[in-house]
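Down below is the structure, laid out as structure tokens.
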Amino acid sequence: MRVRWEHEFPVQPLSLPAVAHTQSADAIADAPCVALFVQRAQSVRPGFALTDQNAGAVAAICRRLDGLPLAIELAAVRVKLFPPQALLPRLDHRLAVLTDGPREVPARQQTLRNAIAWSYDLLAPTEQALFRHLAVFAGGCTPWAAEAVSGPTDGSNVLDTIGSLVDKSLLRMHETADGEVRFVMLETLREFAAEQLHGDPLANQVQHRHAHAFLELAEEAKPHLASAAREPWLRRLEAEYDNLREALLWLIEHHEAERACRLTSALDWFWYFQGRVGEGRHWLERALESGEVGAVSVERASALATLGHLAWLQGDHEAPRRWLERALSLSLTLGDRYGRAHALIQLAFVVDNANETRRAEVEDESPALSRELDDTWWAALALLGDGIRALGRGDGASARARLEASLGLWEKLGDTWFVAQALNALGDLARTEADYDRAADLYSRSLTGLQHQTNAEGAASVLHNLGYIAHHQNDDRRALGLFIEALDGFGNQGDHRGIAECLAGVGAAILGLGHPRQAVCLFGASGALLASIGSAPWPTNVADVQAAHALARTQLTEQTWIQAWEEGRGLGSERAIGYARELAKEHLAQTELSAPAAHSRLAGGSLTAREREIALLLARGYSNRQLAEALVITEQTAETHVKRILGKLELRSRHQVTEWASRTGLAG
């Protein structure tokens, strides 16, 4: 009403079940939305009851419907025809399903579409237009994005119109953990808005603006991601991740291959630092496939170089070299010296040491081109690659000189992430020289530098290396815990080579605990996975893997060895990971703290009440999406909370939060 004595009281949707996915009726029965669903379902089907068999489906239905009372009532009456388990998948098109309300109520309350349409019809034309246009956003939008995508046609201010939609409860305003404002539309309303947008003559233009806005954001972020100032940009891109996906999908489906390649390439380091290497590779392949085969362009060359980089990070052997060579060839054709330098620097990481001629060519050309870039960051990266390659071919003196030079440049730049990577590589060098005390010190310094980074999974390589140090120190329980945590990190990244290396590491620790047959089974699984991606063990691990194989052979008959090896080879990646985790759980069951938890500070006294609430939900296995639904916040805000909790507790994974909650009594 906008009078001085007026006080607004926002009426939220009904509270959702505290447990996102459950098979227990008791766990969700007290949630208001569940109680309403059961009450209305019983009015049309007297025998209906909430049971452990249908509890999960009922909870999911309430979440799918945003806790909206009318939507829940309309869904509940469908129980007359469909049990909750059968009703749930039909709600992918909820407006078409929720249509059978009581006949004595106004027509606007008899179907969900009518209810929303009634509110929509009351809007001014400018408000209707903006409401339709905001349907292009996934996960909400910031004010700048809304202004970039849709401007009212009558000259009114976009933010004023947004404020009007907020007043009418068609938009919700959230303040993020970083103090930014974000406007979010309930998914039920977004489905209706998308229907209206479909018939809007400006629909294609709005989608085009949306894709262009997020392409501009990604390209603005790109140079910052390749610098020590990446953290705020990583957070910003993460907050817009659903929108970046929508933009990519639209560009690919409309065969705008060059722009799709620009967007995917701009996100190169984002995919890496956020542990989404596998997804980044998927989008790059789709972007390249959407264009003309054999097309020659700077955008295509950049996408091929990025694809090669991500494939190498996943542990592939042949594909990265092939793609990077193509990127290099295109850059030469186009006369793009910067593109050529970037492709060559990354090619230097993956060129096969067995191909002496090509390796020499790359190593001769790479330093000169990196100097042409006149960029210390890229020069440091080139030195890091040179050092890692020298380490791989056993040239310790050359490796030390290049790695220490790289470390000095990273420290000068203040890039703590790559300082940690250089320390990790120097730790590898010390390990190959059997200087385990120095290796342990370098690895520990590396891990400390990574603890507060955005990408918690980035510590996987260091944890794996510390696992071998513990193994050499005859502390195989600690080694086992470290290898399992590293396995989780590599699994989150989609790094197949890292997974294979961790399976071998778990096998070595299991062998040290006196279980040779189980160890050989894991050795077989590791070998099969490496063979499937055309890769070999990391040079640093070769001696340790060979020693473990030799020791196991002395403890088993030839027949038992072969049986265990073939059994492991037949497991496949997912089953092998599950087997390794089961063995770790079994062998660590009597240990008070697993190694990763022992490495962490368990007090947790610095958590706020809100953070302790979120930590409890994390301990119960909630994903970021489930946290957002349970707490009525955006998914991006949920992720920010999770990272802050991990940082305060000095933990690196959700699994460790479960351990912490159990040990501190929070889980009780």
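Before moving on, here are some points about what is shown:
- Estimated vicinal HN-Hα couplings, Hz - region 61-78 in sequence order (Karplus 6.51, -1.76, 1.60; Gly, Pro = x): 4, 4, 5, 4, 9, 6, x, 6, x, 4, 4, 5, 4, 5, 5, 4, 5, 6
- FRET efficiency, ALA397 to GLU187 (Cβ-Cβ, R0 60 Å, nearest 0.05): 0.50
- Debye, to nearest 20: dipole size of region 413-580, +1 on Lys, Arg Cβ, -1 on Asp, Glu Cβ: 240 debye
- C-alpha center-to-center spacing [region 243-298, region 503-540] in angstrom: 35 Å
- Proximal charge balance of ASN474 [Cβ under 15 Å; K/R count +1, D/E count -1]: -2
- The label-point distance for ASN204 and LEU122, in a model that sets each label 7 Å from Cα toward Cβ, rounds to 3.6 nm.
- Per-pair calculated FRET efficiency, R0 = 30 Å: GLU574 and GLU318 via Cβ, rounded to 0.05: 0.85
- Label-to-label distance, ASP30 versus ARG612, with points set 7 angstrom from Cα along the beta-carbon direction: 1.8 nm.
- Spin-label model, TRP5/GLN555: points 7 Å from Cα along the beta carbon direction are separated by 8.3 nm.
- Under 14 Å, Cβ to Cβ, from ASP167 - net charge with Lys/Arg +1 and Asp/Glu -1: -1
- Order by protection proxy (mean Cβ within 10 Å, highest first), peptides 195-206, 50-61, 258-269, 160-171: 258-269, 50-61, 160-171, 195-206
- Of the peptides 39-49, 476-486, the ranking by mean beta-carbon count within 10 Å, highest at the top, reads 476-486, 39-49.
- Highest average first, the peptides 5-13, 271-279 ordered by how many other beta carbon atoms sit within 10 Å of their residues are 271-279, 5-13.
- Computed from the Cβ-Cβ distance with R0 of 56 Å, the FRET efficiency linking GLU216 to ASN474 stands at 0.50.
Since every read-out is calculated from the coordinates, none of them should be taken as a lab result. Just so it is clear, the structure is predicted and the values come from calculations on it, not from any experiment. Ideal geometry is used to build each Cβ from the backbone, glycine not excepted, and the neighbour counts take in all protein chains shown.
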